[in-house]
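Written below as structure tokens is the structure these notes are about.
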Amino acid sequence: MKQLTGNVYYFQSYPTVSMAVTPAGCIAIDGPMKPTDAVKWRDFILSKGPLRYQIVTEHHQDHICSAHYLKPEVVISSEITCAEFFKSVANAEEGKQRMLKYDPAAGPLLEGFEMRPPDVTYKERMTIRLGGRTFVVFHGAGHTRGQSMVHAVEDRVLFASDNISPGQGVAFHSADVWGWFKTLGLMEALDVDWYVPGHGAPCTKAEFPKQREKMLDLIQMVREARNKGMSREECQRTINFIDGYFDKKGYGRPRLLGERSYMLMRGAVGNIYDCLDDHPTGGLHTREDPLWENI
């Protein structure tokens, strides 16, 4: 657990999680996927004050399993994230099997485990005022359609979740591809000093040009393959940016994902391929995240 500002702490678990401390209690952004890490993080939070709110920033498995351990008074998400909550982890038993895979020592902590969906949802944005501090929770489609971010105004920090992520290639697997660029512009315009990503260490505005480069490079890779006549399935079989592109560009690889990263990569290529038919100003069809049965 590391201190970022006077009131903000983060923990580079999987995913990177964070919290803000106020005189009236704490606000947590996401929580560790591993139960053993979640318990450590819960104890650290409680050493600073009661956990009043937990913001769940997206519906993917690494972001939604921790509320059982953190036990916040209220869980908050966007309406879209709430609607898709059980698409990544269908039920508590599946959640236990997934967590045990990543955290073999978690067996005793899984007894009585339950999935806890959000208690409160918002549509575009909501403001939480706690202990004399202001937190603006807002929707910013990107890594998922329902992605949430949290602006700790007085602390000058944006909790960006996976809308900033070093493994940007696989992060496209259920992304709003064109909406992500709009959200990046909004994030960059905020008057903040720090951005806390969903994976990796906190960063500054200097990260945004690198982020856009990653995204545009991958989109162009798929576009060029399609322009050569490749079908969606052919692109998914032949484009491999994990074993080549990431290494050459020095972007790093997804952590802890193992073989699953290749499945997500194929999903990312397919999603980008589909979005090439949409104009970046907006597509004609509402996209939904696919049900990832084999994640």
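Quick notes
- Within the set GLY95, GLY112, GLY107, the sole residue that is assigned by TED's automatic domain parsing to the domain that holds HIS59, among the small types (Gly, Ala, Ser) and over 16 Å from ALA67 (Cα atoms) turns out to be GLY107.
- Near pairs, Cβ below 6 angstrom, 6+ apart or cross-chain, from region 41-54 (in a helix (DSSP H, G or I)) to any residue that is among the hydrophobic types (A, V, I, L, M, F, W, C): TRP41/PHE11; ARG42/LEU70; PHE44/MET1; ILE45/MET19; ILE45/CYS26; ILE45/LEU51; LYS48/VAL21; LYS48/CYS26
- ASP193 among the charged types (D, E, K, R) and closer than 22 Å to GLY270 by Cα: no
- Within region 197-218, considering residues that are free of Cβ contacts under 8 Å to residues at least 24 places away in the same chain and within 21 Å of PRO15 (Cβ to Cβ), the one surrounded by the fewest Cβ atoms within 10 Å (Cβ to Cβ): THR204
- Evaluated against (1) within 22 Å of PRO197 (Cα to Cα); (2) in contact with a Phe, Trp or Tyr (Cβ under 8 Å, 6 or more places away or on another chain); (3) at pLDDT 95 or above; (4) assigned to a loop (DSSP other than H, G, I, E, B), ALA38 falls short on exactly one condition, (4).
- Filtering region 208-240 to residues that are of a type in the set (A, V, I, L, M, F, W, C), more than 22 Å from THR183 (Cβ to Cβ) and at pLDDT 95 or above leaves ALA225, MET230, CYS235.
- Filter result (touching a helix residue (DSSP H, G or I) at 6+ places or on another chain (Cβ under 8 Å), without any contact (Cβ under 8 Å) to a residue 40 or more places away in the chain and part of a helix (DSSP H, G or I)) within region 68-90: PHE85
- Test result for PHE113, aromatic (Phe, Trp, Tyr) and either crowded, with 21+ Cβ neighbours inside 10 Å or farther than 23 Å from PHE44 by Cα (or both): no
- Picking from residues in region 165-215 that are among the hydroxyl-bearing types (Ser, Thr, Tyr) and in a helix (DSSP H, G or I), the one that is farthest from HIS59 (Cα to Cα) is THR183.
- HIS151 falls short on exactly one of the conditions (1) at pLDDT 95 or above; (2) not in a strand (DSSP E or B), and that condition is (2).
- Residue match in region 218-229 (condition: in a loop (DSSP other than H, G, I, E, B) and among the small types (Gly, Ala, Ser)): yes
The values are calculated or read from the model by the stated rules, or taken from the named source; none is laboratory data. No experiment lies behind these values; they were computed from the predicted model shown. Heads up, the Cβs are rebuilt from the backbone with ideal geometry, glycines too, and the neighbour counts pull from every protein chain shown.
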